[in-house]
Amino acid sequence: MINDLLTGDKFKDYAKTLGRKPAIIVGTIRNKTSEHIDADNYVKKLELAIYNSGIAELVESDAFRDKVRQERAQQQDFSDPATVSQWVRK
C-alpha cells in the first residue's frame, strides 16, 4: 500500500502539476478487520516511508500540530503587546 502510494502514476502526475514536492498528512487509520493490527505502528511506518522516499514532504501529525498551535497561542497571551508578532489563530 505504501509503495503503491509513492510510485503510482496519479501521485506522480499530481506532483508534476504542482511543480514541487507534495505535502502529505497521514491521518487516523482504523483497523476494521478482525485481526489485531497496531494502527499507530502502521502510521509510523507510513510516515517513515514517506520521509525516506524524498518524493513528498511529510507534515506532522494533527496531535503534534495541535500542541504547536496551543504553544503559539500561549506565547501570544503571555507576550508583551509592544513586542509580540501577530499570529492569526485558525
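The values are calculated or read from the model by the stated rules, or taken from the named source; none is laboratory data. The structure displayed is predicted, hence computed values, not measured ones. Quick reminder, even Gly has a Cβ in these numbers, built from the backbone with ideal geometry, and neighbours come from all protein chains shown. The protein model used for the area step is the full one, side chains on, heavy atoms only, and it has no ligands, DNA or RNA in it. Shrake-Rupley method; radii C 1.70, N 1.55, O 1.52, S 1.80 Å.
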Notebook entry, point to check: What is the sum of charges around Lys10, taking Lys and Arg as +1, Asp and Glu as -1, for the other residues whose C-beta is under 14 Å from the C-beta of Lys10?
Noted result: -1
Check: Using r as the Cβ-Cβ distance of Asn31 and Glu71, and R0 as 35 Å, what FRET efficiency do you calculate, to the nearest 0.05?
Finding: 0.65
Check: If we sort 27-35, 11-19, 51-59 on the protection proxy, mean other Cβ atoms within 10 Å, highest first, what's the order?
Finding: 51-59, 11-19, 27-35
Check: What is the gain in length, in nm to one decimal, between Lys21 and Val59 on full extension, counting 0.36 nm per residue of separation less the C-alpha to C-alpha distance?
Finding: 12.5 nm
Check: To the nearest 0.05, what FRET efficiency results for Phe11 and Asp38 with a Förster distance of 30 Å applied to their C-beta separation?
Finding: 0.70
Item checked: Accessible area (Å², 1.4 Å probe, nearest 10) - Arg20 -> 140 Å²
